[in-house]
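Worksheet for the structure shown next.
The values are calculated or read from the model by the stated rules, or taken from the named source; none is laboratory data. Keep in mind that what you see is a predicted model, and the values were worked out from it rather than measured. So basically every Cβ, Gly included, is an ideal-geometry build from the backbone, and we count neighbours across all protein chains shown. The area values use the complete protein model at the heavy-atom level, side chains included, leaving out ligands, DNA and RNA. Shrake-Rupley method; radii C 1.70, N 1.55, O 1.52, S 1.80 Å.
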Amino acid sequence: MNNEKEKLGRREFIKDALRTMTAAVIGGMGGFIGGRAAKNTVWQLDPNKCVQCERCSTHCVLTESAVKCVHAYDVCGYCQLCGGYHRPGAKIQDTAAENQLCPTGAIQRTYVENPYYEYTITEALCNGCGKCVKGCGAFGNGSLYLQVRHDRCLNCNECAIATVCPSGAYQRVPSDRPYILKGQQGQGS
Amino acid sequence: MSRAVVRPKSWVMFILLAICLINSAALAQDPARFPKPEFESGYQQPPTQTPPPRSTGREWMDVFVLAVALGLTSYFALKKRSRRAIWAMAVFSVIYFGFIREGCVCAVGSLQNVSAALFLSDYVIPLTVLAFFVIPLIFTLFFGRTFCAAVCPLGAVQDLVMVKPVPVAGWLQEVLGLFRYVYLGFAVLFAATGSAFLICRYDPFVSIFRMGNDFGMMLYSIGFVALSIFVARPYCRFLCPYGVLLGWMSQLSKKHLTITPDSCHVCRLCETSCPMGAIDKPTPEKLPVTREQGIRRLGVLLIFVPVMIAIGGGTFSRLDVFLSKMHPTVSLAEKIDLENRTGTAGTTVETLTFRSSGTPAETLFAEAGIIRKRFRIGGWLLGGFLGLILGVKLIGLSIFRTSTEYEPNRAACFSCGRCFSYCPNEHQRLENIRHY
Ligand code: SF4
Ligand code: SF4
Ligand code: SF4
Ligand code: SF4
């Protein structure tokens, strides 16, 4: 009986020692990587790398992608014939649906003053396909570009779009600077 | 421009050249084809809207909720011994960590972030993710796997849908359970080489929490949930890589849930109560092998273990070319190489993008070579680890710990509390409480 007890006591002692050691290892490891740990990060795509492959619109885990088109107004030329708005070869440069490049009609065109027009993205309609981005980049100033919208993004541990992005545009950025913007806003922050 | 200047002084030439260079660099950066309009009507350019992400405060709030939930569940499992309270906690976790927080980041997945942070010098892990990894381990080190009982959203979802669990034979459970180690090994390998987050990619429950995904994943998720109705916690028992770590912690745990509130009378009533097959029976009086036989067998196995480690390591390190295909850089390099050899170009969006980026193929190949080398080392480690696990499991088969009670197996028990009500002592205890 005494022997049994001794045996149990010994076992408990070994276990205590092992537990302390394990806790120390976890703590040490936590400290090691914790020392380099950073503030929270979120996914963002670098518009300068993006090649508008359209995967952003189809590979997000959300049925309606978290990626949307945004507009750097201060880069925009306010063109009458907009490479992002008008389908190439559109005869009449007006707002008729058959002349629009955007498949969901998410771009609003409003007259500002002769000869300038303002283009605005209706985010609720945009599906992030980047067709307009491609058009604007090819024929205009490149003021339309894609961004992960953080009011929608779930911040997946592994972004499903990042795994298929052909240009390596996706990266994690600090959550207090969650956008990679073009124009003044991009340089300012 | 400089051609127009006839025999200029060299410094003029230099300045002109510099201006040209600066100009062209600026143009390449910002190809403003159309000048910025000068508005006369007082039109103001609106800024680009930048809705902020979930605040860091809320992430810390989640860490806090995690700690509190762990504390409560441990209390319910060890002290209060209430299956109903544990069940309620599970409902809470599915709602909060599952449906409200929509899955990410969970402790199971955080194991990849930690691996990446340990092995990749340029990977930074957010502190909250580190907390999600460490806190459940520490709790398990003291109270057993109460995290699995009702805090882990993946475990909780399986627990809640477990309606008609069929018993799985002990040996089958052991064998299937080995997949967890394989999964763990691969998850760490791919995370530590920066290739992929396997656990996230094949998480069977996250599409349920987010109520949407592509068709294939949705089918997979629904299949898993359906399976969980008849097989108790299939993901936990046969796949979960984090569960391996938790099992190790639990074996060392200071305290642990017990089936009986006081001492076991060996009435056998709880014998088949655990749908997870996590109850250890008392060892028979007569051991199946004599002491001498056991020691001899152990000796053979102890020699065998290093051999298995070597075989495992050797095998997996030879799979480097195959395994490294998971890394995007390596897979791109292979595509480029194939195109070069077949004399084609731009057969995929990836290669087209790479070719238009102007990076020389040699740089890419060199990078891919470095990554492959990492896979060779990683393969040694992974194979060695799997060999070691197999060896230890075999040794475990020939070591007999004597026990005179029905006890939860510390590594396997999820602390769910289903077995409580089978113990007559428990009914006595509840009776006593009522009499007070
Ligand atoms: S997946 Fe990458 S390249 Fe394709 S549209 Fe999105 S950011 Fe651009
Ligand atoms: S992190 Fe998830 S939700 Fe956000 S863009 Fe990527 S896949 Fe979509
Ligand atoms: S075994 Fe894994 S999935 Fe199951 S409850 Fe535990 S941590 Fe969660
Ligand atoms: S608490 Fe009881 S029923 Fe639940 S897993 Fe542990 S031994 Fe099985």
If we only count helices (runs of 4 or more DSSP H) wholly inside the range B:214-270, which ones have 2 or more residues that are touching a Lys or Arg at 6+ places or on another chain (Cβ under 7 Å)?
-> B:215-230, B:241-251
Residue pairs qualifying under the 6 Å Cβ cut-off, at least six apart or on distinct chains, with the first in the range B:149-166 being in the same structural domain as B:Phe205 (by TED's automatic domain parsing) and more than 16 Å from ligand 1 (Cβ to nearest atom) and the second being open to solvent by 20 Å² or more (accessible area, probe 1.4 Å) and outside any helix (DSSP H, G or I), are B:Pro165/B:Pro275
Across the range B:289-306, what is the number of residues that are in contact (Cβ under 8 Å) with a residue 40 or more places away in the chain and loosely packed, with under 12 Cβ neighbours inside 10 Å?
-> 1
Residue in the range A:41-51 that is open to solvent by less than 30 Å² (accessible area, probe 1.4 Å), within 23 Å of B:Lys36 (Cα to Cα) and more than 16 Å from ligand 4 (Cβ to nearest atom) present = yes
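So that you can scan it fast, the table gives a plain yes or no per residue for (1) in contact with a Leu (Cβ under 8 Å, 6 or more places away or on another chain); (2) open to solvent by 10 Å² or more (accessible area, probe 1.4 Å):
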position	(1), (2)
B:Ile199	yes, no
B:Ile229	no, yes
B:Gly243	no, no
B:Leu246	yes, no
B:Pro275	no, yes
Please indicate, with yes or no, whether at least one residue in the range B:147-167 is facing chain A (nearest Cβ under 9 Å) and under 21 Å from B:Arg58 (Cα atoms).
-> no
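Filter the range B:86-100 down to residues that are of a type in the set (Phe, Trp, Tyr) and crowded, with 22+ Cβ neighbours inside 10 Å, then give me how many there are.
Here the count works out to 1.
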Conditions (1) more than 14 Å from every other protein chain (Cβ to nearest Cβ); (2) farther than 30 Å from B:Pro261 by Cα; (3) in contact with an Asp or Glu (Cβ under 8 Å, 6 or more places away or on another chain) -> B:Ala90 fails only (2)
Examine the range B:249-261 for a residue that is away from ligand 2 (no atom under 16 Å from the Cβ), at pLDDT 95 or above and over 30 Å from B:Leu430 (Cβ atoms), and state whether such a residue exists.
-> yes
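So in the range B:75-85, with the set limited to residues that are touching a residue at least 60 places away in the same chain (Cβ under 8 Å) and open to solvent by 10 Å² or more (accessible area, probe 1.4 Å), which one is nearest to the other protein chains (Cβ to nearest Cβ)?
Step by step, filter the range B:75-85, then rank; the result is B:Leu78.
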Enumeration of residues in the range A:127-161 that are away from ligand 3 (no atom under 16 Å from the Cβ) and among the polar types (S, T, N, Q) | A:Asn127, A:Asn141, A:Ser143, A:Gln147, A:Asn155
Is at least one residue of the range A:77-100 farther than 30 Å from B:Glu40 by Cα and among the hydroxyl-bearing types (Ser, Thr, Tyr)?
-> no
What number of residues within the range B:199-212 are at the interface with chain A (Cβ under 10 Å from one of its Cβ atoms), in a loop (DSSP other than H, G, I, E, B) and closer than 22 Å to B:Gln112 by Cα?
-> 2
Cβ-Cβ under 7 Å pairs, at least 6 apart or on other chains, the range B:188-201 side of a type in the set (Val, Ile, Thr), far side not in a helix (DSSP H, G or I) | B:Thr193/B:His327
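I'd like to know if the range B:344-352 contains one or more residues that are out of contact with any helix residue (DSSP H, G or I) (no Cβ under 9 Å at 6 or more places or on another chain) and closer than 25 Å to B:Ala196 by Cβ.
Checked the range B:344-352: at least one residue is out of contact with any helix residue (DSSP H, G or I) (no Cβ under 9 Å at 6 or more places or on another chain) and closer than 25 Å to B:Ala196 by Cβ.
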Counted residues, the range B:122-149 - those being assigned to a loop (DSSP other than H, G, I, E, B) and open to solvent by 10 Å² or more (accessible area, probe 1.4 Å) = 3
Go through the residues of the range B:415-423 one by one and say whether even a single one is of a type outside the set (Gly, Ala, Ser), in a helix (DSSP H, G or I) and farther than 30 Å from B:Gly185 by Cα.
-> yes
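Only one of A:Thr120, A:Thr104 is within 13 Å of chain B (Cβ to nearest Cβ), modelled with pLDDT of 90 or more and open to solvent by 10 Å² or more (accessible area, probe 1.4 Å). Can you tell me which?
On the way: A:Thr104 fails: within 13 Å of chain B (Cβ to nearest Cβ).
One residue alone meets the criteria, A:Thr120.
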Residue check for A:His71: touching a Leu at 6+ places or on another chain (Cβ under 6 Å) and either buried (at least 16 other Cβ atoms within 10 Å of the Cβ) or more than 10 Å from every other protein chain (Cβ to nearest Cβ) (or both) = yes
State the number of residues belonging to the range A:166-180 that are more than 11 Å from the chain's Cα centre (by Cα), part of a loop (DSSP other than H, G, I, E, B) and not charged (D, E, K, R).
-> 4
Does B:Lys36 satisfy the condition of being part of a helix (DSSP H, G or I), without any contact (Cβ under 8 Å) to a residue 24 or more places away in the chain and open to solvent by 100 Å² or more (accessible area, probe 1.4 Å)?
-> no
Matching residues in the range A:125-162 - criterion: being open to solvent by 30 Å² or more (accessible area, probe 1.4 Å) and away from chain B (no Cβ under 12 Å) | A:Leu125, A:Asn127, A:Lys131, A:Lys134
Out of all the residues in the range B:101-115, is one or more surrounded by fewer than 16 Cβ atoms within 10 Å (Cβ to Cβ) and either part of a helix (DSSP H, G or I) or within 15 Å of ligand 3 (Cβ to nearest atom) (or both)?
-> no
Within the range B:366-386, can one find any residue that is under 23 Å from B:Gly144 (Cα atoms) and open to solvent by less than 70 Å² (accessible area, probe 1.4 Å)?
-> no
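Looking only at the range A:171-186, filter to residues that are more than 7 Å from every other protein chain (Cβ to nearest Cβ) and open to solvent by less than 30 Å² (accessible area, probe 1.4 Å); which one of those is nearest to ligand 2 (Cβ to nearest atom)? Quick ask: steps written out before the conclusion?
Here is the first cut: in the range A:171-186, the residues more than 7 Å from every other protein chain (Cβ to nearest Cβ) are A:171-174, A:176-177, A:180, A:182-184, A:186.
Going one step further and asking which of them are open to solvent by less than 30 Å² (accessible area, probe 1.4 Å), we end up with A:173, A:183, A:186.
On the way: A:Val173: 12, A:Gly183: 22, A:Gly186: 20 Å.
That would be A:Val173.
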Looking at the range A:147-165, is at least one residue touching a residue at least 24 places away in the same chain (Cβ under 8 Å) and away from ligand 2 (no atom under 12 Å from the Cβ)?
-> no
